[in-house]
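Undergrad: Have a look at the structure that comes next, please.
The values are calculated or read from the model by the stated rules, or taken from the named source; none is laboratory data. As the structure is a prediction and not an experimental result, all values here were calculated from the model. Neighbour counts are summed over all protein chains in view; Cβ atoms, including those assigned to glycine, are modelled from backbone coordinates with ideal geometry. Just so you know, the surface numbers come from the protein's heavy atoms only, side chains and all, with ligands and any DNA or RNA stripped out. Shrake-Rupley method; radii C 1.70, N 1.55, O 1.52, S 1.80 Å.
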Amino acid sequence: MDNIIEEEFDVIELPSKGLFYKSKKNTVQVSYLTATDENILTSPNLLQSGKVIDVLLNKKIVDKDIKADDMLPGDKNAILFWLRSTGYGEKYPIEVTDPNTNEKFEYEVDLSEIPIKEITLTPDENGECEFTLPLSKSKVKFRYLTSKEEDTIVEQDEKDRRKKGPNAISEVLTKKLIAQIMEIDGIRDRNEIYVKVNRLKVGDSSALRKYINDNEPGLDTNIQVTSPSGSFFFTELPITTKFLWPYINS
């Protein structure tokens, strides 16, 4: 008979506050990383397939009615950061480049100081938000995609480009926008939305994309770094192998 070991867990607040989910669940129970989880983190098959993070999260999320694939990317990242901080420590060494001198240097980030982005949007009962396009003045309703939906768009785009040849152009930006937009001026027919999105003026599409990205629930990973010369600058926190494999090559 197998031994059953109950793992300790904590309750993690989701950056989305559950506002974009049908369940409206704003917290999730997550168990701590243990020695057995290293089997997942070092699995050659999982590493090669790129599924290691989802397998790890699905094992660590105690609430079995919640799947990592069905979560917003920002919520997944919040759980991942918590697992890293409680498993290996809050200090995360990174290598950055000083924009003034173009020299690389080592810097240590305190993951406990990475804040959750404040939600400024108020989605409706369907998890959809409104935006008025600046040029056409059309009213748009959009939603945030789950991690699985985003991955599917990227994978399909890669397949399409392989079929078209080496000079094929990625259409991820447009495909993602089509999936995010649920309504334009009251129209919800998917075929009509496809046509309208492809005909959007670039000023409208870029403004909508920026609005969606700026207000997406998640962690604010734009960090302030102090260089050896004493000057400081802002940069996006790089996620390297040292994040979940801090002892690699050591």
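Undergrad: Would you be able to say whether some residue in the range 161-171 is open to solvent by 40 Å² or more (accessible area, probe 1.4 Å), outside any loop (DSSP other than H, G, I, E, B), among the basic types (Lys, Arg) and at pLDDT 95 or above?
TA: Taking every residue of the range 161-171 in turn, none turns out to be open to solvent by 40 Å² or more (accessible area, probe 1.4 Å), outside any loop (DSSP other than H, G, I, E, B), among the basic types (Lys, Arg) and at pLDDT 95 or above.
Undergrad: Further question on the same structure: So, in the range 23-65, how many residues would count as being modelled with pLDDT of 90 or more, among the small types (Gly, Ala, Ser) and either over 16 Å from Ile12 (Cβ atoms) or not in a strand (DSSP E or B) (or both)?
TA: Looking only at that region, the number is 1.
Undergrad: Further, regarding this structure: Scan the strands (runs of 3 or more DSSP E) fully inside the range 178-250 and keep the ones with 2 or more residues being open to solvent by 60 Å² or more (accessible area, probe 1.4 Å) and closer than 21 Å to Lys104 by Cβ.
TA: Of the strands (runs of 3 or more DSSP E) lying wholly inside the range 178-250, those with at least 2 residues that are open to solvent by 60 Å² or more (accessible area, probe 1.4 Å) and closer than 21 Å to Lys104 by Cβ span 222-226, 232-236.
Undergrad: Since Asp157 meets every condition but one in (1) closer than 20 Å to Ser23 by Cα; (2) part of a helix (DSSP H, G or I), which condition does it not meet?
TA: Asp157 satisfies every listed condition except (1).
Undergrad: Please enumerate the residues belonging to the range 176-195 that are among the basic types (Lys, Arg) and either in contact with an Asp or Glu (Cβ under 6 Å, 6 or more places away or on another chain) or touching a residue at least 24 places away in the same chain (Cβ under 8 Å) (or both).
TA: Lys176
Undergrad: Mind checking which residues of the range 87-104 are surrounded by 15 or more Cβ atoms within 10 Å (Cβ to Cβ), in contact with a strand residue (DSSP E or B) (Cβ under 9 Å, 6 or more places away or on another chain) and not charged (D, E, K, R)?
TA: Once the filter is applied, which keeps residues that are surrounded by 15 or more Cβ atoms within 10 Å (Cβ to Cβ), in contact with a strand residue (DSSP E or B) (Cβ under 9 Å, 6 or more places away or on another chain) and not charged (D, E, K, R), the range 87-104 yields Tyr92, Ile94, Val96.
Undergrad: Next question. Tally the residues that are open to solvent by 20 Å² or more (accessible area, probe 1.4 Å) and under 15 Å from the mean Cα position of the chain (by Cα), restricting the search to the range 55-75.
TA: Number of matching residues: 4.
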